[in-house]
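The values are calculated or read from the model by the stated rules, or taken from the named source; none is laboratory data. Quantities reported herein were computed from a predicted structural model and do not represent experimental measurements. For neighbour counting, all protein chains shown are included, and Cβ atoms are generated from backbone atoms with ideal geometry for every residue, glycine included. For accessibility, only protein heavy atoms count, side chains too; no ligands or nucleic acids. Shrake-Rupley method; radii C 1.70, N 1.55, O 1.52, S 1.80 Å.
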Amino acid sequence: MSNKISKTDTQLAATGRPKRRPAHTVSYPPERASTILFPTYEDFTSGDRPLLYGRFGTTTHRAFEQSIAALEEATYVHLAPSGLAAITLTIIALSAPGSHVLVTDNAYDPVRGFCDRLLNQLGIDTEYYNPRTGKNIEQLIRPETTVILAESPGSLTFEVQDIPAIAKVAAQKSVPLLVDNTWAASYFFKPLTAGAAISILSATKYIAGHADCLLGTIATNDASLSVKIGRTLRQIGSNVSSDDVFLAHRGLRTLAARLPVHERHGLALAKWLSERPEIATVLHPALTSHPDNALWKRDFTGASGLFGFILKPCDEQQVAAFCNSMTYFGMGYSWGGFESLLIPTPPQKYRSTVPWTHNGTLMRVHAGLEDVGDLVNDLDLAFAAFNAAKDTKG
Ligand SMILES: Cc1ncc(COP(=O)(O)O)c(C=O)c1O
């Protein structure tokens, strides 16, 4: 038997907590700092200063980065104040006026706001591509293309992208492929091992896991990309609080225990919802009815708890009655915490290349850790309220 730590679950428990003399706490504590003190002139003027100033992080940050590196199978990890900032600052780091960036049409919608306004203002052109384009992405790559952004599965509409095929073309063309891998939490799918240059997580979601902090992680094995990203984060003054890093690191310790429960509950709800007469389609990549199920099976080792369903056309007051009847499902943005969530969302507003053609309301579900029977019961009662609110007059 090898004594090397190799399995992700072991690494999630064992990494990022170095031994400290003469004894130490199990969890790495939140070391808060602006000023870092150097005991001697020699230490202050040394070229090798692992800690410099609070904005660049403390030992708390370094410990968490080590754990994310293990999760991502990455050499270099950078932290950003949110998942959105991790995506936007990476795009800025790798682009310049005149650049062209390719962004999947199902990207998390605030990324589109950033591309359409700030990037546009900086003279950087965004082209939205069909998430199902696969290796045909090649036809869209121009000499001035600096980044390809993928998000798989899309966190509203759940298309699975052929990341290995896109990564292959991107590598041939020397364009970094950046994957927003928040859905799989780099537990059920690892973009770097599939050939992507950069994996990004909103650690706000499953990594932190308790809906109580915001954080983004950027992981790569490419030294020159890491230098560019690190420099941009420093120049922009990006900073992450030690307390948030502490919370995210604590959450990461139980990721391997939580995700399979989210998966089981998500699948149970998705299957139950598939039988409901009020529903047109359930969008869950692990269901055989999902158009990308074969791709999901090929590339992923599991599913998280986030999925969607489309109601058959109905009145708005029915959707309101459904939502107002829920007890355990909360209504609010974000996901990946211990709790169940359900919101109506309008994906048609965030599309430009592949129009969203479904005419029923899309509901996004996050299956939490509550008893799944209680969750089913909650939805059952919500459908009763939904049906009772149907306008029978018109
Ligand atoms: C897929 C995806 N990426 C990125 C983000 C942004 O993360 P944050 O809220 O940490 O900025 C979100 C947030 O909902 C998301 O769903």
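Looking at this structure, is L381 over 20 Å from L156 (Cβ atoms), in contact (Cβ under 8 Å) with a residue 24 or more places away in the chain, part of a loop (DSSP other than H, G, I, E, B) and aliphatic (A, V, I, L, M)? Let's see the steps before the verdict.
Details: over 20 Å from L156 (Cβ atoms): yes; in contact (Cβ under 8 Å) with a residue 24 or more places away in the chain: yes; part of a loop (DSSP other than H, G, I, E, B): no; aliphatic (A, V, I, L, M): yes.
It is false that L381 is over 20 Å from L156 (Cβ atoms), in contact (Cβ under 8 Å) with a residue 24 or more places away in the chain, part of a loop (DSSP other than H, G, I, E, B) and aliphatic (A, V, I, L, M).
Residues that are within 19 Å of L375 (Cα to Cα) and open to solvent by less than 60 Å² (accessible area, probe 1.4 Å): list the helices (runs of 4 or more DSSP H) wholly contained in segment 238-356 that include at least 2 such residues. Write out each step before concluding.
On the way: elements: 242-252, 255-274, 293-299, 316-325.
In segment 238-356, 255-274, 316-325 are the helices (runs of 4 or more DSSP H) which contain 2 or more residues that are within 19 Å of L375 (Cα to Cα) and open to solvent by less than 60 Å² (accessible area, probe 1.4 Å).
Output the number of the condition that A150 fails; it satisfies all remaining conditions of (1) part of a strand (DSSP E or B); (2) small (G, A, S); (3) farther than 28 Å from F309 by Cβ.
Condition (3) is where A150 drops out.
Quick one: how many residues across segment 215-229 are under 24 Å from R250 (Cα atoms) and more than 12 Å from the chain's Cα centre (by Cα)? Don't jump to the end; show me each part of the working.
Residues of segment 215-229 that are under 24 Å from R250 (Cα atoms), as a first pass: 215-220.
This time we only want the ones that are more than 12 Å from the chain's Cα centre (by Cα), so: 219-220.
Matching residues across segment 215-229 total 2.
Counting just the residues of segment 63-117 that are in a helix (DSSP H, G or I) and of a type in the set (V, I, T), which one comes out most open to solvent (accessible area, probe 1.4 Å)?
Initial filter on segment 63-117 (in a helix (DSSP H, G or I)): 63-72, 83-94, 109-117.
Subsequent filtering for residues that are of a type in the set (V, I, T) retains 68, 87-88, 90-92, 111.
Numbers: I68: 0, I87: 5, T88: 17, T90: 0, I91: 1, I92: 46, V111: 1 Å².
Once the filter is applied, the top-ranked residue is I92.
Within segment 133-155, restricting attention to residues that are touching a Phe, Trp or Tyr at 6+ places or on another chain (Cβ under 7 Å) and within 22 Å of F188 (Cα to Cα), which residue is surrounded by the fewest Cβ atoms within 10 Å (Cβ to Cβ)? So that I can check it myself, show each step before the final result.
Restricting attention to segment 133-155, the residues satisfying the condition of being touching a Phe, Trp or Tyr at 6+ places or on another chain (Cβ under 7 Å) are 137, 140, 151, 153, 155.
Checking which are within 22 Å of F188 (Cα to Cα) leaves us with 151, 153, 155.
Working: E151: 26, P153: 29, S155: 23.
Selected residue: S155.
Taking the stated definitions as given, is T353 within 18 Å of P277 (Cα to Cα), modelled with pLDDT of 95 or more and not small (G, A, S)? Walk me through it before giving the result.
Values: within 18 Å of P277 (Cα to Cα): no; modelled with pLDDT of 95 or more: yes; not small (G, A, S): yes.
So T353 fails the test.
From the list E31, E42, pick out the single residue that is assigned by TED's automatic domain parsing to the domain that holds F246, outside any loop (DSSP other than H, G, I, E, B) and open to solvent by 50 Å² or more (accessible area, probe 1.4 Å). Even if it seems obvious, please write down each step before you answer.
Numbers: E31 fails: outside any loop (DSSP other than H, G, I, E, B).
The match here is E42.
Taking L84, is it modelled with pLDDT of 95 or more, out of contact with any Phe, Trp or Tyr (no Cβ under 8 Å at 6 or more places or on another chain) and not assigned by TED's automatic domain parsing to the domain that holds A286?
When the stated conditions are applied, L84 does not pass them.
Given (1) touching a strand residue (DSSP E or B) at 6+ places or on another chain (Cβ under 9 Å); (2) within 19 Å of R364 (Cβ to Cβ), identify the lone condition not met by A248.
(2)
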